[in-house]
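Reading through the structure tokens given below for one structure.
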Amino acid sequence: MKIRNRILLGYLMAFGMAGILGALIAGWSMEKFMSQRAHENVANISTQTATYLRSYLDSKISLAKVESNGSLFVDLLTGEATASEYQMAKKWMETVMLTDDDVSELWLLNNAGKMMVATNPSLESLYLTSDPNFVNGKKGLWVGDVIRDELTGKIFWTIAFPVVDQNQVNTLGVLVTKLKIEPLESFLRSQGGLGETGESFLVTSDKKLLSKSLFLDSDSVLKTVIDTENVRRCFDESEIEKVESGADYDDVLAADGKDSTRTYVDYRGVSVLGTHAYIPQTKWCLVTKLNQSEVWDPIVKTRLVILAIVGMGFLTFGVAGVILSKKITKPIEELQAAVDVVKAGNFDQKVGTASPDEVGKLSRSFDEMVQSVKKYRQEASSKLDEQTKEITSKNLKMSEQQKALLNVLEDVENEKWRVAGEKEKMDAILGSIGDAVFVVNNDLTLGLINQVALSLSMWKGEAAIGINYRQVLKFVSKDNPQAENDQFNDEFIEKVLKSGEQAEMSADTLLLRPDGSTIPVADSAAPLRDKEGRVVGCVVVFRDVTKAKEIDRMKDEFLSVASHELRTPMTAVKGYLSMLLEGDYGEVHKEWVEPIQTVMHSTERLINLVNDLLSVSRMQAGRIKFAMSDFGIAEVVEQEIAELKTIATDKGLTLEAHDLPRVSVYADQDKIRQIINNLVGNAMKFTEKGGIVISGTTEGDLFKLFVKDSGMGMAPDFQNKLFGRFVQESTSVKGRPAGTGLGLYISQQLSRQMGGDVWLVDSKDGEGSTFGFSIPISGTGLADQVANKLRRLLQV
């Protein structure tokens, strides 16, 4: 037998024995665990249900006993009660039935069996001398048999208590409480944990079904006999004697050395896992059971999973054994062939392998005898040239991809502006033929509404004029699209009516329609004034912006996908360039260093662009995570200044901080550093001489930081779009450094998520700029609001 086959055979035998043994042990353990768990589950549910039933019955019996001791009944039964006291007794019974839904009827009979008072007037003055409740109730507590009302078909059970005189000596009559069986049935049906085939039901002392069963219709109650093994054991006299003596029920059931939960055949002839509990107060039996097939179903599935795992493992180890045996024997075969060639006189033969064992070392030693240092250097130099060409080719390809991405981004932005222009033209056209317009009076009723608005709102009622505008047009937010708790997103209308100033709809405004659907809308509201200039209402104009939202979504999806696809290859290019500069592939010629560094700087810029795009994508998808904490803001600012001061000094700039309040803020420290780094970095980037001054102050719940530079400033027309995405002032004229146009947008969005903001305080072209940045102070109401907001976002 070949060495390869011996290795493979031994490998498979070892795994086969271990796998089969492991599968047997795992299968046996899992089967035992799951079977025991099913037994315990049925037993626990039975115990809990029985405990509830006994407690429920005890409470009803105790209540009936208390009711029978009322002095009002004593007067009625001794003949001393007046008509008003009779009415009071009647009223008391009615009150009991109103406060206790379980009670169906109440009877009060005297010693002669005459019905003195009853909630059913038709029974009064009748004699029920032979009624079991009267006969047995005179002797003491009596829990009657379960009966079915012949007229209504409903099932009841009774409790009878003697009414005695004030000396507790003589029996004057009997108080009978007639109770419904439905509450017990509802409780039994509400019990969970028994799967699809499990159930709990009650059986009377004569073995008739008392409560509804999962597999029998309701007509079977008090008709079907349940004579199964566990019912017979439940009504066994010895078992009843032990239960009534107060013995633990689990001990009673397991007295014969078996588990309290057992397998038996139920009334359908189906094998089940079940148990029972005797209810001594009413002499009922509680049966709890579960189909044996449902118990075994997960066990069978587990066995199949274990067999599949063993089979896959055997196959995997077989393939691994073949590969391993080939790997072990292949160097020996190659060495044998090479020795035969050399024996024939061919000394140019190479047999060297990468194997670290003795055979590999021998083959490599054989090759080393015919190698020369000159040939090695020539091969190394040739290899370095080849790799350099490959990296240069890849870098050129990445540069082309970078240009393509920037062109695509420019096209997307141009398309956005083009769509915006088309939208303005469309608005003008719609204005001439009628846009969605309505007028709201000061009392919030509709004064005017056009057909376009009615069509968008899908209003199908009578004339809308004169009714509250919210009945026709319901503006809601994206966070509460169904206006739960009557929360609407129409504050812009209230603002116009109160302030008399024009107001815009919020960006996430939706129009909720009668069928529950929503459409995104946008536009504004303007005040409507009378001749004296008083606000008498407002005019609201809006339109459906579904298509515009879809275009924005498509652009954002493209940016996210493109960024993810570019990030990995760019990181690989940067890594190879670093390895090339560090000499990992051999000595780099001096004339190559500068071009490689230029390529590496371009790659880093492209990586920064992709990272910014990914940050924007995560913000819009709500996937930015915040690690909020309390920390000293002045210390963080000073640390960032210390890190950036070297860069400022290299550019011949000063970087200083003045008047920083020593307060603690509530924010994500890493993101605060990112915002500060961006603001100060922008200031240094656009400042050629002079310096940057950082100052701070507190205002209300906010800490405010200001970054002032003596740089180039900005033109007024550019300031309005400063915080947009991909916005940067042209650099071709003044030679300003280029960027991605995302830094200020990201900084502003991060600060707003943490309860603050970033804004332009002041800027003049050629005179410098001042930016402001705010964040909540620790322990303030604003900080608590931010914490609750982020906590809700995390739960979602």
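The values are calculated or read from the model by the stated rules, or taken from the named source; none is laboratory data. All figures in this text were calculated on a predicted structure; none of them were measured in a lab. Positions of Cβ are backbone-derived with ideal geometry, glycine not excepted, and every protein chain shown enters the neighbour counts.
Restrict the check to the stretch 351-362 and report whether at least one residue is in a helix (DSSP H, G or I), under 30 Å from residue 240 (Cα atoms) and at pLDDT below 80. I'd like the intermediate steps shown before the answer.
Step one: filter the stretch 351-362 for residues in a helix (DSSP H, G or I), giving 358-362.
Filter once more, keeping what is under 30 Å from residue 240 (Cα atoms): none.
Taking every residue of the stretch 351-362 in turn, none turns out to be in a helix (DSSP H, G or I), under 30 Å from residue 240 (Cα atoms) and at pLDDT below 80.
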Which numbered condition residue 211 misses (of (1) part of a helix (DSSP H, G or I); (2) under 41 Å from the mean Cα position of the chain (by Cα); (3) closer than 17 Å to residue 268 by Cβ; (4) of a type outside the set (Lys, Arg)): (1)
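Give the residues of the stretch 613-642 that are at pLDDT 90 or above, in a helix (DSSP H, G or I) and surrounded by fewer than 15 Cβ atoms within 10 Å (Cβ to Cβ), sorted by residue number.
As a first pass, look at the stretch 613-642 and keep what is at pLDDT 90 or above: 628-642.
Pick out the ones that are also in a helix (DSSP H, G or I) and you get 633-642.
635, 638, 639, 642 - these are the residues of the stretch 613-642 that are at pLDDT 90 or above, in a helix (DSSP H, G or I) and surrounded by fewer than 15 Cβ atoms within 10 Å (Cβ to Cβ).
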Test: residue in the stretch 235-251 that is surrounded by fewer than 16 Cβ atoms within 10 Å (Cβ to Cβ) and modelled with pLDDT of 85 or more: no
Among (1) under 19 Å from residue 156 (Cα atoms); (2) surrounded by 15 or more Cβ atoms within 10 Å (Cβ to Cβ), the one test that residue 68 misses: (1)
Per-region count, the stretch 743-796, residues small (Gly, Ala, Ser), in a helix (DSSP H, G or I) and within 22 Å of residue 673 (Cα to Cα): 5
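Which residues, counting only those in the stretch 445-464, are outside any strand (DSSP E or B) and under 18 Å from residue 542 (Cα atoms)? Give the derivation first.
Step one: of the stretch 445-464, the residues outside any strand (DSSP E or B) are 450-464.
Matches in the stretch 445-464: 450, 451, 452, 453, 454, 455, 456, 457, 458, 459, 464.
Picking from 114, 139, which residue would you name as being over 25 Å from residue 56 (Cβ atoms) and not hydrophobic (A, V, I, L, M, F, W, C)?
On the way: 139 fails: over 25 Å from residue 56 (Cβ atoms).
On inspection, the qualifying residue turns out to be 114.
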Residue in the stretch 424-445 that is modelled with pLDDT under 70, surrounded by fewer than 15 Cβ atoms within 10 Å (Cβ to Cβ) and among the hydroxyl-bearing types (Ser, Thr, Tyr) present: yes
Top-ranked residue in the stretch 129-150 [being of a type in the set (S, T, N, Q) and assigned to a helix (DSSP H, G or I); ranked as surrounded by the fewest Cβ atoms within 10 Å (Cβ to Cβ)]: 136
Any chance residue 230 is in contact with a His (Cβ under 6 Å, 6 or more places away or on another chain) and either within 19 Å of residue 274 (Cα to Cα) or in a loop (DSSP other than H, G, I, E, B) (or both): yes
Number of positions in the stretch 151-176 that are assigned to a loop (DSSP other than H, G, I, E, B) and in contact (Cβ under 8 Å) with a residue 24 or more places away in the chain: 3
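Which of the residues spanning the stretch 265-278 are surrounded by fewer than 18 Cβ atoms within 10 Å (Cβ to Cβ) and assigned to a strand (DSSP E or B)?
Residues satisfying the conditions are 265, 271.
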Single residue of the stretch 489-521 satisfying the filter (touching an Asp or Glu at 6+ places or on another chain (Cβ under 7 Å) and aliphatic (A, V, I, L, M)) that is modelled with the lowest pLDDT: 505
Pair list, Cβ under 7 Å, 6 or more apart: the stretch 228-244 residue farther than 17 Å from residue 50 by Cβ, other residue hydroxyl-bearing (Ser, Thr, Tyr): 228/264; 228/267; 229/264
First in the stretch 494-519 and in the same structural domain as residue 444 (by TED's automatic domain parsing) and under 28 Å from residue 547 (Cα atoms), second anywhere and of a type in the set (S, T, N, Q) and in a helix (DSSP H, G or I), Cβ under 8 Å, 6 or more apart: 511/457; 513/457; 519/546
Residues being within 15 Å of residue 275 (Cβ to Cβ) and either assigned to a loop (DSSP other than H, G, I, E, B) or more than 41 Å from the chain's Cα centre (by Cα) (or both) - total across the stretch 177-201: 4
